[in-house]
1. I need the peptides 137-146, 181-190 ranked by packing, meaning the mean over residues of other C-beta atoms within 10 angstrom, with the highest value on top.
2. By per-residue mean of other Cβ atoms within 10 Å, what is the highest-first order of 216-222, 40-46, 196-202?
3. Assuming R0 = 22 Å, what is the FRET efficiency of Glu64 and Val105, from their Cβ-Cβ distance, to the nearest 0.05?
4. For the chain, give the magnitude of the charge dipole about the Cα centre (Cβ charges: +1 Lys/Arg, -1 Asp/Glu; no others), in debye to the nearest 20.
5. Would you calculate the separation in nanometres between label points at Glu284 and Ile36, each defined as 7 Å from the Cα along the Cα-to-beta-carbon direction?
6. How many nm is it between the label spots at Tyr161 and Asp209, if each spot is 7 Å from the Cα in line with the beta carbon?
7. Using a 7 Å offset from Cα along Cα-Cβ at Asn13, what residues in the range 264-290 end up with backbone N under 12 Å from the label point?
8. Starting from 0.36 nm per residue, how many nanometres of slack lie between Val121 and Glu248 once their C-alpha separation is accounted for?
Amino acid sequence: MRFTFAEAMTDPNFYSPLAIAAEAAGYEGFVIPDSIAYPEESNSTYPYTEDGSREFLEDKAFIETFVMAAALGAVTKIIRFIPFVLKLPVRPPALVAKQSMSVAVMTGNRFALGVGTSPWVEDYDILGVDFKRRGKRMDECMDIVRGLGTGEYFEFHGEFYDIPRIKMNPAPSRPIPLLVGGHADAALKRAVTRGDGWMYGGGPPGELDSLLDKIHCIRKAEGRLDDPFEIHAGSPDAYSPDGCKRLEDKGVTDVVVGFRTPYVVGSDTEPLSQKIDSLNMFAESVIGRVNR
């Protein structure tokens, strides 16, 4: 079982010491959030809060995802960085391929690309991308990122993108894992058919088990049960050794843990020392017992 540390919407100066501390404590992954802008007016709803509100995001600091991954990679040696998740269809996929490859090369293959479709129409509007058919756009983006990521000549001619035969250099020595976030049936199938894994964003009790069953059925139907497949998930079970064993038995490969609720209005008042104490206590009580 691998463990990933999650912290978001906090003082940007905290991230480097947190990454260093998490690596030293035995975590193998570090989640990086993605947010582009906060609109003054919006009718969109946030999918991971009970009432759909997203006011808690106003004035929260979000460092650009690839910048954050590169900065944290420079101060660590082992831990892997995973956007959870990068809003892929609002970005030019060839640029995302270049950014991902660069981070992977500079960190020694310590980068996995978690991707998803943004639920906010404003993200598409401000970047000049049509919100309609974003699922199909997402599929094309993933194919382009994977194709260019080989470092070999690649071309693509689709509904949304037309790319001549090109190559990008340098390419990482290992393929960058593409992990798909989202709970809709289309997202689950995309994770299996186009991705290397799936990321669970959290939800009500019992939802994770239901979605894991769906993932299993899709993998079986696609003949991919024997293929390597990462499943990243946070769950109340993650906070005890027995719970981690239950998650592992259900197919979870990477447990995501955090020690505060970021979905609150206002600034994070928790000091850095307390954050480090929390990740260390979990490492001693759970990681050390699960992976001994």
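The values are calculated or read from the model by the stated rules, or taken from the named source; none is laboratory data. Everything numeric in this text was worked out from a predicted model, so none of it was measured. Cβ sites come from the backbone with ideal geometry, for glycine too, and all protein chains shown count toward neighbours. Heads up: the accessible areas ignore ligands, DNA and RNA and are worked out on the full protein's heavy atoms, side chains in. Shrake-Rupley method; radii C 1.70, N 1.55, O 1.52, S 1.80 Å.
1. Details: 137-146: 21.7, 181-190: 18.5.
Ranking, from highest mean packing down: 137-146, 181-190.
2. 196-202, 216-222, 40-46
3. 0.75
4. 1080
5. Each label point is offset 7 Å from its Cα along the Cβ direction, giving 4.4 nm.
6. Label-label distance for Tyr161 and Asp209, simple model: 3.9 nm.
7. Taking a point 7 Å out along Cα→Cβ of Asn13, the residues of the range 264-290 whose backbone N falls under 12 Å are 272.
8. In short, 42.1 nm is gained.
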